[in-house]
Amino acid sequence: MDVYAWPQNETSTGVIMDVTRPAGTDPDALTVIDATSAAGGMHVDISQTDVYYFSPQKNFGSDGGVWFAAVSPAALERIAEISTMDRWIPDVLSLSTAVENSRKNQTYNTPALAGLVMLDEQVRWLNDNGGMAWASAHTATTSSLVYDWAERTAVATPFVADPEHRSPVVCTVDFDDSVDTAHVLSVLRANGVVDVDPYRKLGRNQLRIATFASVPEADVESLLACIDWTLENALS
Ligand SMILES: Cc1ncc(COP(=O)(O)O)c(C=O)c1O
């Protein structure tokens, strides 16, 4: 096995996985983590990884279209080695091109400037608030509001049964058959409360609530109050 790869936070389902190098593996094996929805909102020890990569459209309050990676010397070596192989790699997917440009503080393609401005603002905002220690404590608090609410609400259950694997940034909540979540979503939307839809392909009677780093506690409390109101008054 030359690479072990997994997402730190599985955005569709709200399941998190430990970022720890697998034990007892080939010493040359690289650990590669997709942290697109985790970075900036969840604690990580990146010394446990060889590549920790993400795009900034989640906790970094930005748009997609550009990606960032913290890359270990072993992974840089692997990238260089692969680039000398007789294997066609389109330039846009070439990691050695990305490394070469990154070292010059350049990108191969042209990212939207607005995304970089938003990312810069968000990184400053996160650091002013206390950095990753603050962000991970904050998302633990806001997501707990959702999970605690799901546990005490008779018709709701956290989708992820094991609390250890519940995401602090993407909270998935199942509802029993007495609740038509499509109707709940339409009532919420008609009142300006949007984007708590589940991941379509899961096909569950579910709401999915984002508690990324920018989301204030008061917003989560208000959202839960709106859902409670809908469950009590608007289920015809
Ligand atoms: C864990 C994860 N990986 C990858 C992606 C895809 O990111 P992008 O569209 O920037 O390639 C997403 C969603 O944005 C995601 O949540």
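On the given criteria, is T84 away from the ligand (no atom under 16 Å from the Cβ) and either outside the structural domain of V170 (by TED's automatic domain parsing) or touching a Ser or Thr at 6+ places or on another chain (Cβ under 6 Å) (or both)? When the stated conditions are applied, T84 passes them.
Residues in segment 1-20 that are over 12 Å from the mean Cα position of the chain (by Cα) and modelled with pLDDT of 95 or more: V3, Y4, A5, W6, D18, V19, T20.
Taking the conditions (1) surrounded by 14 or more Cβ atoms within 10 Å (Cβ to Cβ); (2) assigned to a helix (DSSP H, G or I); (3) among the hydrophobic types (A, V, I, L, M, F, W, C) in turn, V215 satisfies each one other than (2).
Note on segment 27-61: among residues that are within 14 Å of the ligand (Cβ to nearest atom) and of a type in the set (S, T, N, Q), the one that is surrounded by the fewest Cβ atoms within 10 Å (Cβ to Cβ) is Q57. Looking at segment 1-57, none of the strands (runs of 3 or more DSSP E) lying wholly inside it contains 1 or more residues that are more than 25 Å from V215 (Cβ to Cβ) and without any contact (Cβ under 8 Å) to a residue 12 or more places away in the chain. Residues in segment 5-18 include none that are touching a Phe, Trp or Tyr at 6+ places or on another chain (Cβ under 9 Å) and more than 15 Å from the ligand (Cβ to nearest atom).
The values are calculated or read from the model by the stated rules, or taken from the named source; none is laboratory data. Not measured: the values here are computed from a predicted model. Don't worry about glycine lacking a Cβ; one is built from the backbone with ideal geometry, like all the others, and counts go over all protein chains shown.
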